[in-house]
Amino acid sequence: MSKKLLILILLTLAACASKPIVLYAQTVVESTTDSTSKVDSSGKTIVISPPPSAISPSAGGSSQDLCTVGISGAVQTQILGISTGETVTDQNCERLKISKTLYDFGMKVAAVSVLCQDRRVHDAMGMAGTPCPFDGKIGDDAKLEWKKPSGKKKIPPLIIPETKQDVQKRQWDTGKSVIGGALLVLLMFAAGG
């Protein structure tokens, strides 16, 4: 061996003795991945909230001089809300106001005649011995005219006041028709859509 080679080996061993020898193995792996991905996505959002409220309209007269009564109502379900309102004329109130106005103008017989258009007043006047006026006749002359067949035809009809049950039945029947009509419209809408 040559001297140079021996020195190189000694130097290498000396260097190795001062530092530990660590051998690393390196492996190279080559990999190719070929992928295709298709994502179809659809979503459904359900919003749960209460339906808007059916609010009854205000159907009242703001003046005390009106002979009307306001009636309103509303029904609300999870699907449908219906509200309605109307004013109803009070015939007796109108009769009293007209009679009062005629009396204030000095037309006392005309004022009593207006009140006598109510059968209850007509019967009460007859029982009191002061019959309602008849074509400008008053007192005994009017009493004779009311007893004639032509006078009996002019007696106002007896109006039977509605009971609470009558009003409730009428309202129930109206409510059934409104709800039935609304359901029919919904069915027609559902069938067409």
Would you mind stating whether SER72 is out of contact with any strand residue (DSSP E or B) (no Cβ under 9 Å at 6 or more places or on another chain) and without any contact (Cβ under 8 Å) to a residue 24 or more places away in the chain?
-> no
Restricting to helices (runs of 4 or more DSSP H) lying wholly in region 78-193: which have 3 or more residues that are basic (Lys, Arg)?
-> 91-104, 164-192
Those residues of region 143-166 which are touching a helix residue (DSSP H, G or I) at 6+ places or on another chain (Cβ under 6 Å) and either more than 18 Å from GLN91 (Cα to Cα) or surrounded by fewer than 10 Cβ atoms within 10 Å (Cβ to Cβ) (or both) amount to GLU145, GLY151
Checked against (1) within 60 Å of the chain's Cα centre (by Cα); (2) modelled with pLDDT of 65 or more, SER31 satisfies every condition except (1)
So which of GLY139, GLY85 ends up being in the same structural domain as CYS67 (by TED's automatic domain parsing) and out of contact with any Phe, Trp or Tyr (no Cβ under 7 Å at 6 or more places or on another chain)?
-> GLY85
For region 149-179, how many residues meet the condition of being under 26 Å from CYS116 (Cβ atoms) and hydrophobic (A, V, I, L, M, F, W, C)?
-> 4
Checking PHE134 against (1) modelled with pLDDT of 85 or more; (2) exposed (fewer than 14 other Cβ atoms within 10 Å of the Cβ), which test does it fail?
-> (2)
What is the number of the single condition among (1) touching a residue at least 24 places away in the same chain (Cβ under 8 Å); (2) loosely packed, with under 14 Cβ neighbours inside 10 Å; (3) acidic (Asp, Glu) that ASP140 does not meet?
-> (1)
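The values are calculated or read from the model by the stated rules, or taken from the named source; none is laboratory data. The structure displayed is predicted, hence computed values, not measured ones. For neighbour counting, all protein chains shown are included, and Cβ atoms are generated from backbone atoms with ideal geometry for every residue, glycine included.
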